[in-house]
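Values quoted throughout were computed directly from the atomic coordinates according to the rules given, and no laboratory measurement underlies them. Since the model is a prediction, treat every value here as computed from it, not as a measurement. Because the Cβ atoms are built from the backbone with ideal geometry, glycine has one as well, and the counts that use them run over all protein chains shown.
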Amino acid sequence: MRLQLIVILLLALMAAACGGSPSASRTVDDAAALIERGDFKGAHRKAEAVMADSAALNSLTVSQLCRLAVVFVRLSNQETPSETDANDAMAARCLSRARAVAPDSVAQFIGSLTGEMAGRIIVLDQVGTFLTTPRDSLTDTPDDSLSIN
């Protein structure tokens, strides 16, 4: 009898833990929907919550990371310049993480965008790529020594 009670309690606890917080992909969907409704502050909270939670961020697929980058770009269009810079940095970070997993999928996603959004995402993707490129590979000459004439 006592064993049954323990098993029931454990199952109830597991069910509560599973249903307690929405998945990261659902949070990305919610943030995009909030933007569509004009709730930019709510969308910003949701998008930043995903970025702040490393487990949630790591659970996102390449497509979801790209969609989250678009959320941040759309937020950039609505906020102050300092917030725009922060949102653009978050978008670049999302694209960089996605590119590390599947560069072809990121290129395909970017190819599906149109207009100003495509241009912004392309620039942020290039920024993210530049920031993750090892510094040694950015020099033209292999010799970093100084010569004095």
Please compute one quarter of the surface area of the Cα convex hull for region 23-132 and express it in square nanometres. 6.2 nm²
By average Cβ neighbour count within 10 Å, what is the ranking of 82-90, 27-35 from highest down? 27-35, 82-90
For a protection proxy built on the mean count of beta-carbon atoms within 10 angstrom, sort 44-54, 106-116 highest first, please. 44-54, 106-116
What nm distance separates the two modelled labels at T84 and S59, each placed 7 Å from Cα along Cα→Cβ? 3.4 nm
In nanometres, the difference between 0.36 nm per residue of separation and the alpha-carbon distance of A49 and A33 is 4.2 nm
